[in-house]
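Undergrad: The structure follows.
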Amino acid sequence: MAMSVRRTQVVLQRAACIKLKIGEMDVRLPVPLLLPVRTKKRIFIPPVAKMNLLEDLKDSSREADFTQRHQDFERPINIGCSVVIFDPYIPPEGDARLSTLSKEGLKQRTEQIRQSASSQLAIRKIKEYDSQFTTKDFAKKAQEIFIEAHNFLTNFNRHMLHSLVTERCYPEMTRGNRYKTICWSFIESLEAPKVVHARCPEMITKGNLYGQVTVRMHSRQTLAIYDRFGRLMLGSKEQPKDVLEYLVLERHLNNPYGGWRLHGKIVPSWAPAKDPIIKTVRIPGPQLKPGEEFDALNYQVPKPEAVQWYK
Amino acid sequence: MAAAMTGGGTAFIRNLSRLFQSRLPVLVGGPQQLLCLHTTSSLEVHKWERKNRVVYPPQLPDEPRRPAEICHCRRTIKYSKDKMWYLAKMIRGMNIDEAIAQLEFNDKKGAKIMREVLLEAQEMAVRNHNVEYKSNLYVAESFSGKGKYLKRTRFHGRGLSSIMEKVFCHYFVKLVEGKPPETEKRTSLDQAKEYVQSLKNRTIIHSL
């Protein structure tokens, strides 16, 4: 190390500039300093020198027009759908349960979407973005989207399903399905689908509109869910059920390439989702004193009380 | 460590030190690939765990009901695979409640671990695999396998040392829904009767 220092000192002493004679004057021009450079690769690079080395490398790479790899510390997230069903539609009680001949039934039949002013406003806003929007066509389209989405759920195709169903609805539909087989079929529609509700909420920034339209659908469907071993868990393939559903479809209106997708379903308070039949029932046994044995053969299972319950 | 070993040449020591570095349970991808060990990385799923991911197509109504099968295992148990075998053999073919009860009152170290594994498997069966009755299960398969051993030095007298193996094992169990299959019980009397019958069945040919 001492030798290298000595070398540089000798070079510096020899003169940093040459003396020229231009005319009569003595001009001193600076000479490029040629220092002896260490060419042997250093095994140990002290941290300060290493930092300098890296910086030099960066500069040289910029000169050579190589850009450093762009690191994404913050990736932009595209929010394609809203999180909740904004201002959900409250279905009238007894919908599809009353006969159409009674007074109540007639009232429901004649109930139209014109009654709700905010829904009308929302539809008007949607028509700004999509001029061909009509409630009649939309209701039909909604049913088609619903049927197609459920068909893709049965023969599972997640890419097509993502295009027909929003990101909020997708996990609701597909959670727990991986080790099960679902057989679903749409038999017929009992009543024509009808648009009952519409809202246009804004998310985060003003002008970022999402259109949410609720469609009422009364149809006949079959659903059968098989477990991992192919045994029927819930439902039945042959027995169809009449289903009244309130589907919510959403579309990001600002996005010109967006489409109407299924966003969720509204479960009315007067018809909550019923739990599947519990097959095994644990009956509490008799209270035994210590020393007593449980006589399984002669034990009479207590019958439950007869309680009136209604659908 | 190298200084303490005097029972070998320098090549032996170098080999050992390399082995110590590579056979650690906390595995790094690099040394494994260089040494071409038969291993699976942490993200790959083992074969036994993958057996629970098989989905059968829906059964037709006239087919007999397929019994549910649940595979469970525990990896890297600090116990010997040969000692574990005795317990695994004991519970083969037992009803799960009986197996759990027997293991509860067994004095071996592996029995406690095996009991935990069986209880986990039972819980899994009821929750995830649509098994209705938790007692309607029996142990169809139960066996132990060798885990990855660690090597340590064992110091003997007279300055000698040798490699001590720290032994690990895996334990695998398969529960099937239904009653345990009937095993044929052969008593010694039956065996004796069969032997006597075989003697009586002999025919002597080409005799007078």
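The values are calculated or read from the model by the stated rules, or taken from the named source; none is laboratory data. The structure presented is a predicted model; accordingly, all values stated were derived computationally and were not measured. No Cβ is skipped: glycine too gets one built from the backbone with ideal geometry, and neighbour counts run over all protein chains shown. Accessible surface is based on the protein model in full, side chains and every heavy atom, while ligands, DNA and RNA are left aside. Shrake-Rupley method; radii C 1.70, N 1.55, O 1.52, S 1.80 Å.
Undergrad: Tally up the residues in the range B:167-200 that are open to solvent by less than 90 Å² (accessible area, probe 1.4 Å) and in contact (Cβ under 8 Å) with a residue 60 or more places away in the chain, please.
TA: Selection size over the range B:167-200: 14.
Residue by residue, here is whether (1) among the basic types (K, R); (2) over 15 Å from the mean Cα position of the chain (by Cα); (3) within 16 Å of B:F168 (Cβ to Cβ) holds:
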position	(1), (2), (3)
B:N52	no, yes, no
B:P57	no, yes, no
B:Y79	no, no, yes
B:M84	no, no, yes
B:A111	no, no, no
B:M114	no, no, yes
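Undergrad: Further, regarding this structure: Of all residues in the range A:197-230 being of a type in the set (V, I, T), within 23 Å of A:E167 (Cα to Cα) and in a strand (DSSP E or B), which is farthest from the other protein chains (Cβ to nearest Cβ)?
TA: The selected residue is A:V213.
Undergrad: Which ranges mark the strands (runs of 3 or more DSSP E) fully within the range B:96-208 that have 1 or more residues being of a type in the set (F, W, Y) and under 24 Å from B:K78 (Cβ atoms)?
TA: B:137-146, B:150-155, B:169-177
Undergrad: Still on this model: Regarding the range A:248-262, can at least one residue be identified that is under 28 Å from A:D95 (Cβ atoms) and either in contact with a Pro (Cβ under 9 Å, 6 or more places away or on another chain) or modelled with pLDDT under 85 (or both)?
TA: Scanning the range A:248-262, I find at least one residue that is under 28 Å from A:D95 (Cβ atoms) and either in contact with a Pro (Cβ under 9 Å, 6 or more places away or on another chain) or modelled with pLDDT under 85 (or both), so the answer is yes.
Undergrad: Shifting gears a bit: Consider A:V243 carefully, then state whether it is of a type in the set (V, I, T) and either surrounded by 18 or more Cβ atoms within 10 Å (Cβ to Cβ) or within 13 Å of another protein chain (Cβ to nearest Cβ) (or both).
TA: no
Undergrad: Taking B:E141, is it away from chain A (no Cβ under 14 Å) and either of a type outside the set (V, I, T) or buried (at least 19 other Cβ atoms within 10 Å of the Cβ) (or both)?
TA: Yes: the conditions hold for B:E141.
Undergrad: Taking the range A:196-233 on its own, how many of its residues are in contact (Cβ under 8 Å) with a residue 12 or more places away in the chain and within 22 Å of the chain's Cα centre (by Cα)?
TA: Summing the residues that are in contact (Cβ under 8 Å) with a residue 12 or more places away in the chain and within 22 Å of the chain's Cα centre (by Cα) in the range A:196-233 gives 15.
Undergrad: Identify, from the list B:M1, B:M90, the residue that is out of contact with any Phe, Trp or Tyr (no Cβ under 7 Å at 6 or more places or on another chain), part of a loop (DSSP other than H, G, I, E, B) and either open to solvent by 50 Å² or more (accessible area, probe 1.4 Å) or modelled with pLDDT of 60 or more (or both).
TA: After ruling out the rest, the residue left standing is B:M1.
Undergrad: Being in contact with a helix residue (DSSP H, G or I) (Cβ under 9 Å, 6 or more places away or on another chain) and either within 14 Å of another protein chain (Cβ to nearest Cβ) or over 26 Å from A:K180 (Cβ atoms) (or both), is that true of even one residue in the range A:260-278?
TA: For the range A:260-278, residues in contact with a helix residue (DSSP H, G or I) (Cβ under 9 Å, 6 or more places away or on another chain) and either within 14 Å of another protein chain (Cβ to nearest Cβ) or over 26 Å from A:K180 (Cβ atoms) (or both): present.
Undergrad: Please find, within the range A:119-164, the residue that is farthest from A:V248 (Cα to Cα) out of those that are surrounded by fewer than 17 Cβ atoms within 10 Å (Cβ to Cβ) and among the small types (G, A, S).
TA: Within the range A:119-164, the match that is farthest from A:V248 (Cα to Cα) is A:S131.
Undergrad: Provide a single number: the residues in the range B:61-82 that are within 14 Å of chain A (Cβ to nearest Cβ) and in a loop (DSSP other than H, G, I, E, B).
TA: Count: 8.
Undergrad: Now a separate question. Checking B:M94 against (1) more than 30 Å from A:M233 (Cα to Cα); (2) in contact with a Pro (Cβ under 7 Å, 6 or more places away or on another chain); (3) not small (G, A, S), which test does it fail?
TA: (1)
Undergrad: Quick one: how many residues across the range A:260-280 are part of a loop (DSSP other than H, G, I, E, B) and open to solvent by less than 40 Å² (accessible area, probe 1.4 Å)?
TA: The total comes to 3.
Undergrad: Taking the conditions exactly as written (open to solvent by less than 100 Å² (accessible area, probe 1.4 Å), of a type in the set (V, I, T) and more than 30 Å from A:K180 (Cβ to Cβ)), does B:T203 satisfy them or not?
TA: No: the conditions fail for B:T203.
Undergrad: Do any residues in the range A:171-195 that are more than 10 Å from chain B (Cβ to nearest Cβ) and farther than 21 Å from A:F138 by Cα have Cβ atoms under 7 Å from those of residues that are open to solvent by 80 Å² or more (accessible area, probe 1.4 Å) and assigned to a strand (DSSP E or B), where the two are at least six apart or on different chains, and which pairs are they?
TA: Close Cβ pairs satisfying both conditions: A:W184/A:L223.
Undergrad: Which residue is nearest to the other protein chains (Cβ to nearest Cβ), if the candidates are limited to the range A:246-259 and must be part of a loop (DSSP other than H, G, I, E, B) and in contact with a strand residue (DSSP E or B) (Cβ under 9 Å, 6 or more places away or on another chain)?
TA: Only one residue tops the list, namely A:G259.
Undergrad: Hey, another quick one. What's the total number of residues in the range A:210-235 that are farther than 30 Å from A:I79 by Cα and in contact with an Asp or Glu (Cβ under 6 Å, 6 or more places away or on another chain)?
TA: 3
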